[in-house]
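The values are calculated or read from the model by the stated rules, or taken from the named source; none is laboratory data. Since the model is a prediction, treat every value here as computed from it, not as a measurement. Protein only, heavy atoms only, side chains kept; ligands, DNA and RNA dropped before computing areas. Shrake-Rupley method; radii C 1.70, N 1.55, O 1.52, S 1.80 Å.
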Amino acid sequence: MSDVRLEAGEKAPAFSLKDQDGATVSLGDFSGENVIVYFYPAAMTPGCTTEACDFRDNLNSLKSAGYQVIGISKDAPAKNKQFQEQDGLNFPLLSDEDLAVHQAYGAYGEKKLYGKTVTGVLRSTFVVDPDGSVRLPLYNVKATGHVASLRKKLGIT
């Protein structure tokens, strides 16, 4: 169980995870760039598909504004590959099957689901500055409208 809550200005926890093609992707690979790291509960579920397609549809304008996007879930690389192909996703989908990175970011813990308290992935997004510090930690975000809200917070029109 994670009680971690990252704050703006803190160093973003480093990670190296396998992407949908089995290649290792590290946060350090994006040193000197703005990175949006988002955690999603499960590939090919309605909410996660909505969110991923929203990032896909906004990727060019996010990149134009200087942001890279990385999605992270507990799904195996093969499932993320299927998700990428099914929805034409154009950014890396990383596998954190042991949830270590989720826990380092505070993106795993107790949440309410249909009125019950359950333990699981907390849909969360982190904007990491070029120096590796967290600029914007967003916990328990909604899948629908999240990217528009994020663009607004980042001043991207």
Query raised in the report: So, how do all the Cα-to-Cα distances of the range 49-109 break down into 10 Å bins, in percent, from 0 on up?
Result: 22, 46, 30, 1
Query raised in the report: How big is the accessible area of Asp75 in square angstrom, nearest 10, if you roll a 1.4 angstrom probe over the protein chains?
Result: 10 Å²
Requested in this report: Quote the accessible area belonging to Arg56 in square angstrom, nearest 10, computed with a 1.4 Å probe and with ligands, DNA and RNA left uncounted.
Outcome: 70 Å²
Requested in this report: Summarise the accessible area of the range 1-135 (1.4 Å probe, protein heavy atoms) by the percent that is carbon and sulfur.
Outcome: 49 percent
Query raised in the report: Using a 1.4 Å probe, what is the accessible area per residue for the chain, in Å²?
Result: 47 Å²
Requested in this report: Evaluate the Debye formula for the chain with equal point scatterers sitting on the alpha carbons, no solvent, and hand back log10 of I(q)/I(0) at q = 0.16, 0.19 Å⁻¹, in q order, two decimals.
Outcome: -0.85, -1.27
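Could you rank Lys18, Lys142 by how accessible they are, 1.4 Å probe, largest area first?
Details: Lys18 95, Lys142 155 Å².
Greatest to least solvent exposure: Lys142, Lys18.
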Report summary line: Mean-square fluctuation maximum in Gaussian network of the chain, Cα pairs under 10 Å, restricted to Lys116, Lys63, Lys11, hits Lys116
Requested in this report: Go through the range 99-116 residue by residue and turn each phi into a ³J(HN,Hα) via Karplus (6.51, -1.76, 1.60, θ = phi - 60°); whole Hz please, and just put x for glycine and proline.
Outcome: 6, 5, 6, 3, 5, 4, 8, x, 9, 9, x, 7, 8, 8, 9, 6, x, 9
Requested in this report: Provide the solvent-accessible area of Tyr67, counting protein heavy atoms only and rolling a 1.4 Å probe, rounded to the nearest 10 Å².
Outcome: 10 Å²
Query - Residues whose placed amide H lies under 5 Å from that of Gln68, excluding near-sequence neighbours - result: Asn34, Val35, Ile36
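Full-extension gain between Ala42 and Ala100, please, as 0.36 nm times their residue separation minus the C-alpha to C-alpha distance. Intermediate values should be presented prior to the final figure.
Numbers: separation 58, 0.36 × 58 = 20.88 nm, distance 1.60 nm.
In short, 19.3 nm is gained.
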